[in-house]
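Asks: Have a look at this one.
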């Protein structure tokens, strides 16, 4: 498989996951199936009771849009990822109100601080504000994996750097490093699904250790240990829908990093050799579907390339969001795979 197809597959998979996941976000899987008369597998007009209401089919949310602007900066940095790059990516993205309006409270507050705006923090007195252990770190990080093919340690190192301005805690960093390391491994020509899952576990473990030293510690479940449980569930062979519901019931698919990131790896395990089946599961599992499906799409796209991700989604996503996904893929491929 050509490297470009893997890079482009990762970018397109993440974009498709977000564009579809924004439509189903907050509903349960049962509510999704009932409301849409079946599980969602296409770009459709968002209903009026979701965050992306009023948008067109193909619109993305904060998840892929922040990853997109981060990846643009990474494509230009020649592998030199530092704090200035991490901040520039977030601040550039924040200047696009059509995307920034979807930002979560952790990212919003971080952007205000970077702009020199004092944001009173009502829970500053708490020993641990565990609400900060969110998946906002993992949603934007797949570009780090793309620029570090096969180099898990560098992917983890760069993921930590990208996380620090917005999510400087050990749990969020653990989740981000799991995604970055998985994508980095997926970019190898001979990578298998098990290799990618093992790389994600390595990233989660190492990211937690580094995050505990460089950031602050929180009291939440272990991302790594819940990933192992999610993978075991994904490999039970219960069938697509049954597995999705089992992951939802036991692991969860919510805002917490210790839910969303393990859920991603359970979905990967449940959909071997089926990129779009994995994305579709992330879109329909319920709760924070846009974030889960973005991360799933990034990993399966890197592993399987465009394979069975319908290319018909490219044009509406590019046009509605004013993106150029192919250009980004060419820039990353030229800079890191030439």
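Asks: Is it true that residue 253 is surrounded by fewer than 24 Cβ atoms within 10 Å (Cβ to Cβ), closer than 17 Å to residue 297 by Cβ and in contact (Cβ under 8 Å) with a residue 12 or more places away in the chain?
Replies: No: the conditions fail for residue 253.
Asks: Same structure again: Can you find a residue in the stretch 271-282 that is closer than 30 Å to residue 129 by Cβ, in contact (Cβ under 8 Å) with a residue 60 or more places away in the chain and crowded, with 23+ Cβ neighbours inside 10 Å?
Replies: The answer is yes, given that some residue of the stretch 271-282 is closer than 30 Å to residue 129 by Cβ, in contact (Cβ under 8 Å) with a residue 60 or more places away in the chain and crowded, with 23+ Cβ neighbours inside 10 Å.
Asks: With the condition kept exactly as written, say whether any residue in the stretch 193-212 is over 17 Å from the mean Cα position of the chain (by Cα) and either part of a loop (DSSP other than H, G, I, E, B) or on the phi > 0 side of the Ramachandran plot (or both).
Replies: Scanning the stretch 193-212, I find no residue that is over 17 Å from the mean Cα position of the chain (by Cα) and either part of a loop (DSSP other than H, G, I, E, B) or on the phi > 0 side of the Ramachandran plot (or both), so the answer is no.
Asks: Checking the conditions here, which among 72, 32 is surrounded by 13 or more Cβ atoms within 10 Å (Cβ to Cβ), touching a helix residue (DSSP H, G or I) at 6+ places or on another chain (Cβ under 7 Å), more than 20 Å from residue 332 (Cα to Cα) and in contact (Cβ under 8 Å) with a residue 24 or more places away in the chain?
Replies: 32
Asks: Report yes if residue 219 is closer than 21 Å to residue 133 by Cβ, surrounded by fewer than 18 Cβ atoms within 10 Å (Cβ to Cβ) and either out of contact with any helix residue (DSSP H, G or I) (no Cβ under 7 Å at 6 or more places or on another chain) or touching a residue at least 60 places away in the same chain (Cβ under 8 Å) (or both), otherwise no. Please lay out each step first, then the result.
Replies: Working: closer than 21 Å to residue 133 by Cβ: yes; surrounded by fewer than 18 Cβ atoms within 10 Å (Cβ to Cβ): yes; either out of contact with any helix residue (DSSP H, G or I) (no Cβ under 7 Å at 6 or more places or on another chain) or touching a residue at least 60 places away in the same chain (Cβ under 8 Å) (or both): yes.
So residue 219 passes the test.
Asks: Something else about it: Any chance the stretch 183-191 includes a residue that's part of a helix (DSSP H, G or I) and either touching a strand residue (DSSP E or B) at 6+ places or on another chain (Cβ under 7 Å) or at pLDDT below 95 (or both)?
Replies: no
Asks: Output the number of residues of the stretch 284-311 satisfying the condition of being farther than 28 Å from residue 190 by Cα and either free of Cβ contacts under 8 Å to residues at least 60 places away in the same chain or outside any loop (DSSP other than H, G, I, E, B) (or both).
Replies: Number of matching residues: 4.
Asks: Of these, 131, 112, which one is within 28 Å of residue 202 (Cα to Cα) and in a helix (DSSP H, G or I)?
Replies: Matching residue, one of 131, 112: 131.
The values are calculated or read from the model by the stated rules, or taken from the named source; none is laboratory data. Note that the structure is a prediction, hence the values are computed from the model and not measured. Reconstructed Cβ throughout: ideal geometry from the backbone, glycine too, with neighbour counts over all protein chains shown.
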